[in-house]
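For reference, the structure discussed in these notes is given below.
The values are calculated or read from the model by the stated rules, or taken from the named source; none is laboratory data. What you see is a predicted model; the values in this text were computed from it and never measured. Note that each Cβ is placed from the backbone with ideal geometry, even for glycine, and that neighbours are counted across all protein chains shown. Side chains included, ligands, DNA and RNA excluded: accessible areas come from the protein's heavy atoms. Shrake-Rupley method; radii C 1.70, N 1.55, O 1.52, S 1.80 Å.
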Amino acid sequence: MSGNHTHHDHDHHDHGHGSELSETEARVRALESVLVEKGHVDPKALDVLIETYETRVGPHNGAHVVAKAWHEPGFLDWLRSDATAAIHSLGYIGRQGEHMVAVENTPQQHNMVVCTLCSCYPWPVLGLPPVWYKSAPYRAKAVRDPRGVLADFGVELPSGTAIRVWDSTAEIRYLVIPMRPEGTDGWSEAELARLVTRDSMIGTGLALSPKLLAEAGT
């Protein structure tokens, strides 16, 4: 499945919302306010849910998956053959993560993920999708000019590296396994996880180098 793939129309897709983010967000907030006022929703429960996906889930789960794949060749093989089962084995199960495919970056091929119709995204491993992922410009340009999108994110790949764009659907969501940075031989799984960024698992970024990690002070 590449950028030329044609989506089937799924009921859960909300066409065009990427270009109306501010309006959509306003409606969501208004709906939340009404539900809270009527006593249907506990505002504390909403806060917990949002905090879970933004901080506790976030990209941390995905970073764990990638680090384990870098650290354990057997787990990487499992990801290649059955990403859903491999990811579920770590306890990362939930809505929008039922059917996962892992695509591995190599010096020959760089992978990038988009959802051309809306914003299908693997919540259990990456948390909430960034605003730009849902935007119409990203969705269109990722298919038309993926190398240009990477340049927008400050990523310059060798001219000989092919770029493949994977189009998420209601049935399948993708997790990019970025290339392991050099200079990390002997690193523990926890240390490796600190190098994995959300963008590197979407394909719009690369994993951090040990030098960049040190400079970031994280």
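Matching residues to (1) in contact with a Leu (Cβ under 6 Å, 6 or more places away or on another chain); (2) modelled with pLDDT of 95 or more; (3) surrounded by 22 or more Cβ atoms within 10 Å (Cβ to Cβ):
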| position | (1), (2), (3) |
| --- | --- |
| CYS118 | no, no, no |
| PRO124 | no, no, yes |
| LEU128 | no, no, no |
| SER135 | no, no, no |
| ASP145 | no, yes, no |
| THR161 | no, yes, no |
| ARG164 | no, yes, no |
| THR169 | no, no, no |
| ILE172 | no, no, no |
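Among all residues of segment 59-71, there is at least one that is over 15 Å from TYR174 (Cα atoms) and either out of contact with any helix residue (DSSP H, G or I) (no Cβ under 7 Å at 6 or more places or on another chain) or modelled with pLDDT under 95 (or both).
So is ASP77 acidic (Asp, Glu), open to solvent by 10 Å² or more (accessible area, probe 1.4 Å), assigned by TED's automatic domain parsing to the domain that holds GLY160 and closer than 18 Å to ARG180 by Cβ or not? Before you say what the answer is, go through the steps one by one.
Working: acidic (Asp, Glu): yes; open to solvent by 10 Å² or more (accessible area, probe 1.4 Å): yes; assigned by TED's automatic domain parsing to the domain that holds GLY160: yes; closer than 18 Å to ARG180 by Cβ: yes.
When the stated conditions are applied, ASP77 passes them.
Scanning segment 175-185 for residues being without any contact (Cβ under 8 Å) to a residue 40 or more places away in the chain and open to solvent by 80 Å² or more (accessible area, probe 1.4 Å) gives a total of 2.
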